[in-house]
1. For the chain, what is the mean residue ellipticity at 222 nm derived from helices alone (per DSSP H run of n ≥ 4: -39500 (n - 2.57); sum divided by total residues; nearest 500 deg cm²/dmol)?
2. Here are some pairs, 2/161; 2/354; 3/137; which of them have Cα atoms lying more than 31 Å apart in this structure?
3. If one takes the longest principal axis of the Cα atoms in the chain, at what angle in degrees, from 0 to 90 and to the nearest 10, does the Cα axis of helix 186-199 lie?
4. Sort the following peptides by mean Cβ neighbour count (other Cβ atoms within 10 Å, averaged over residues), highest first: 154-165, 181-192.
5. Go through 47-59, 305-317, 283-295 and give me the packing order, highest mean Cβ count within 10 Å leading.
6. Return the label of the correct value of Kirkwood radius over Cα pairs in Å, as calculated from the structure shown, out of [x] 22.1; [y] 21.6; [z] 21.0.
7. Angle check, please: helix 250-260 long axis (alpha carbons) against the longest principal axis of the chain (alpha carbons), in degrees 0 to 90, nearest 10.
Amino acid sequence: MKKHTILIAGASGVVGAAALEHFARLPDWDVIALSRRPVALPEGAKHISVDLTDAAACHRAALELTHVTHIMFAALFELPELVAGWRDSRQMAVNEAMLKNLLDAMEPQARGLRHITIMQGTKAYGGHVEPAPVPAKERWPRHHHENFYWLQEDLIRSRQKNAAWTFSILRPQIVFGYAVSSPMNIIGAIGAYAALMREQGLPLHFPGGGRYINGASDSRMIAQAAEFTATHEIAANETYNVVNGDSLVWPDIWGSIAERFGMQVGQHVPLCMTETMPAQEALWSRIVKKYDLKSHTLAQLISSSWEFTDRALGFGSENLADSVLSPIKLRQHGFANCYDTEDSLHDWLALMQKNRLIPH
């Protein structure tokens, strides 16, 4: 019998998918994926289909989850207008309710529950409201803006006071990973954009804004950090930035993306992907047939990631504030893993190519 059983809520997303793969490889862990839609399961993992907005469905599912010892809550509700939704009261309420429904269902049933991991991100530092000081540190007071992060954090802190379990909060930056229909999969959006430009005989123009220093988080490292925080006492009830450890300036790695797709590097040609890319469905359909890709429409593959990518690449602004998260606290507490961001980007593009989601 294995020592731990982890329930990964939101297993169909970029972070959840990486966590599913990571924990399934560990010898002492049983893994249960929870999501509304089916997911590709690694060997030994199980799946349970639950809508977290349905409290009754959560309670029914929990009756079969009494052996769960760890929960990783990577579920996320996003409105179609991604950036506007970040400050929308309905989106905040739904995200709070999903966590509450799961906790309400699991706490009475999973008596051996030991740890819960929840996800936040750079919005915790208010960078979407005003420039954040560099580097952003976990020890700072909360930035005063409404955010579902605070609703979920307050909920889990209040529950933990009378519980045997502990929690950890992870804050990644731009997440690199693999998922279909994720609202924030920049890898898929960049890959599809490159394929569309190449098919038109165009060079790979940089569609974003001005230069600014940013960072990224490989989803594999987020999964590794989730394992670390779930199994080390020092991480109990702590918050951690989880970033690759280097810096990211998009124009400086753009040439390597062009090289991967056999393209010439273009010029800086600002382009709003949110407005222009959805109109490329007919061309994408031809690309799918020509390169024998899996038969996803562009909308199915990318979802609202065009909007997220516009923002990440800085479209519409030539004077962007640098966004840098300090990785020091997590390192000081004993987690030493890191990733080269450019290598990480290419790892995930290569996987999408291998799995016939974008052409070579």
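Bear in mind these aren't lab numbers, they're just calculated from the coordinates by the rules spelled out. Keep in mind that what you see is a predicted model, and the values were worked out from it rather than measured. Virtual Cβ from ideal backbone geometry, glycine too; neighbours counted across all protein chains shown.
1. Taking each H run of at least 4 residues, the total per residue is -11500 deg cm²/dmol.
2. Over 31 Å apart, Cα to Cα: 2/354; 3/137.
3. Rounded to the nearest ten degrees, it is 20.
4. Most protected by this proxy first, the peptides run 181-192, 154-165.
5. Those peptides, ordered most packed to least, come out 305-317, 47-59, 283-295.
6. [z]
7. Tilt relative to the chain: about 70 degrees.
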